[in-house]
Amino acid sequence: MPSPTRVIMLVDLDYFFAQCEELRNPALKDKPVVVGVYSGRTEDSGAVSTANYVARKFGVKSGLPLYLAKKRLEGTDAVFLPVDTAFYEQISNKIMETLRGYADAFEQVGIDEAYLDVTRKVDGDFDAVKELVQKMKSDIKNKVGVTFSVGVGPNKLVAKIAADRQKPDGLTIVKPEDVQRFLSSLPVDQLIGVGRKTAAKMGELGIRTIGDLARYDVQRLVVIFGKKLGIYFHNAANGIDNEPVHELGETESISRIATLKEDTRDLARIMEKANQLIEEIHRDAAKRRIGFRQISIIAVMIDLSAKSRSRTLETATNNIAVLKRTVQELFEKLLSTSHLEIRRIGVKIAHFSWNEAAQQRLTSFFNNN
Ligand code: DCP
Ligand code: CA
Ligand code: CA
């Protein structure tokens, strides 16, 4: 049975940190506003976190060194401010709470984005979406005073790309029958998972647009990028994505379990398998841009008894090295309490949050692949 058409929305808050600063001080509205991370070495060392759209007209954007932003805004009444994450999180929480009420299923991704499955809310009718979005926009405008941009499509992949097409305060709706046309002319790096390096590699193969990728022989993609990625790229380019909108409850966790090649008590062998599981778990967490505080392991011994160990970190992280190190320590502990060989192992992360440090590292995770 073919799955019924879904109506998926991505909401992305406009120039978020800078918009929050405007909210706190409306006198900033017509001026260039730059929010920066000051590294503190010299007065101007550091980088732009984000800038409002007035400042963007001068070529100021996320990642630009602050001294260059200053230079580009010379002679204007530009305002430079340091990042105040606690304040932005407050605003974000209020918005997310309101948005949640508009969705059948809701998944926050990072501090300023959320996916909404609104299929039932609009009865599967893409023509009813515009009115719903207008209602959401004016609701948030009244309650919080913030604008956002929306992408709508039959899945998360299309919704995410659509949300970037019109900003700020935009709305882009891509109906199922328009997906292929919508995607085909866009540069290939618009797809999640196609970073700079992958895009360069694809360029060498003559693949520049998503349409080029969609037409490229899938078998060759598998040979070049491996089975998982090759098939992912092929499906993504064709606008196929069945990922559900995950509700992220307090108790939710991400876990993997696998049987060892042979029963063993050898830590190196156990970690070889564990590291594979960790990489999958980490990729899942990265896709959803969440940090985790709790790390657990489970071992099924040869007598089929199960033992588990768990550790809660002081702050949320999404650092894979921390995950690997902690899992190894937990297995060492577990081995010391039993003389039995281990047959199956599992790794689990839980206690999720969107802490800012996790956000930053994830940015580099996506930019580096
Ligand atoms: N951010 C950051 N450093 C980056 C990118 C982003 O600190 N290199 C922070 C500041 C942004 C927030 O994350 O306000 C959200 O990032 P977006 O990429 O969604 O950018 P904006 O919301 O600022 O702008 P846009 O209107 O383009 O969405
Ligand atoms: Ca965003
Ligand atoms: Ca944004």
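Structural remarks
- Residues in segment 87-114 that are within 16 Å of ligand 1 (Cβ to nearest atom), in a loop (DSSP other than H, G, I, E, B) and surrounded by 20 or more Cβ atoms within 10 Å (Cβ to Cβ): 111, 112.
- Failed item, numbered, when residue 235 is tested on (1) closer than 27 Å to residue 8 by Cα; (2) in contact with a helix residue (DSSP H, G or I) (Cβ under 8 Å, 6 or more places away or on another chain); (3) assigned to a helix (DSSP H, G or I): (2)
- Per the conditions (1) assigned to a helix (DSSP H, G or I); (2) over 26 Å from residue 344 (Cβ atoms); (3) open to solvent by 40 Å² or more (accessible area, probe 1.4 Å), the sole criterion not satisfied by residue 247 is (1).
- Looking across segment 166-181, the residues that are out of contact with any Gly (no Cβ under 7 Å at 6 or more places or on another chain) and open to solvent by 30 Å² or more (accessible area, probe 1.4 Å) come down to 166, 167, 168, 169, 171, 173, 175, 176, 177, 178, 181.
- Of all residues in segment 7-41, exactly one satisfies the criterion of being more than 15 Å from ligand 1 (Cβ to nearest atom), assigned to a loop (DSSP other than H, G, I, E, B) and crowded, with 20+ Cβ neighbours inside 10 Å, namely 7.
- Segment 152-178 residues that are farther than 16 Å from residue 113 by Cα, paired with ones that are at pLDDT 95 or above and β-branched (Val, Ile, Thr) (beta carbon under 7 Å, 6 or more apart): 154/8; 154/179; 173/129; 173/152; 174/152; 174/158
- Test result for residue 123, in contact with a Ser or Thr (Cβ under 7 Å, 6 or more places away or on another chain) and either within 23 Å of residue 5 (Cβ to Cβ) or more than 16 Å from ligand 2 (Cβ to nearest atom) (or both): no
- Within segment 68-97, residues that are hydroxyl-bearing (Ser, Thr, Tyr) reach partners that are open to solvent by 60 Å² or more (accessible area, probe 1.4 Å) with beta carbons closer than 9 Å, at six or more positions or on different chains, in the pairs 76/31; 76/58; 92/354.
- Tally of residues being in a strand (DSSP E or B) and hydrophobic (A, V, I, L, M, F, W, C) across segment 255-280: 3
- Any hit, segment 157-168, residues being away from ligand 1 (no atom under 16 Å from the Cβ) and either part of a loop (DSSP other than H, G, I, E, B) or modelled with pLDDT of 95 or more (or both): yes
- Among the residues of segment 31-65, just one is closer than 14 Å to residue 17 by Cβ, more than 16 Å from ligand 2 (Cβ to nearest atom) and in contact with an Asp or Glu (Cβ under 7 Å, 6 or more places away or on another chain), namely 33.
- Which listed residue, of 123, 117, 84, 44, is at negative phi, out of contact with any helix residue (DSSP H, G or I) (no Cβ under 7 Å at 6 or more places or on another chain) and open to solvent by 30 Å² or more (accessible area, probe 1.4 Å): 84
- Residues of segment 126-155 that are surrounded by 20 or more Cβ atoms within 10 Å (Cβ to Cβ), among the small types (Gly, Ala, Ser) and within 16 Å of ligand 1 (Cβ to nearest atom): 149, 151.
- Only one of the numbered conditions (1) at pLDDT 95 or above; (2) open to solvent by 40 Å² or more (accessible area, probe 1.4 Å) is violated by residue 367, and that is (1).
The values are calculated or read from the model by the stated rules, or taken from the named source; none is laboratory data. Worth saying up front: this structure is predicted, and the values here are computed from it rather than measured. Heads up, the Cβs are rebuilt from the backbone with ideal geometry, glycines too, and the neighbour counts pull from every protein chain shown. All accessible areas refer to the heavy atoms of the entire protein, side chains included, with ligands and DNA or RNA removed. Shrake-Rupley method; radii C 1.70, N 1.55, O 1.52, S 1.80 Å.
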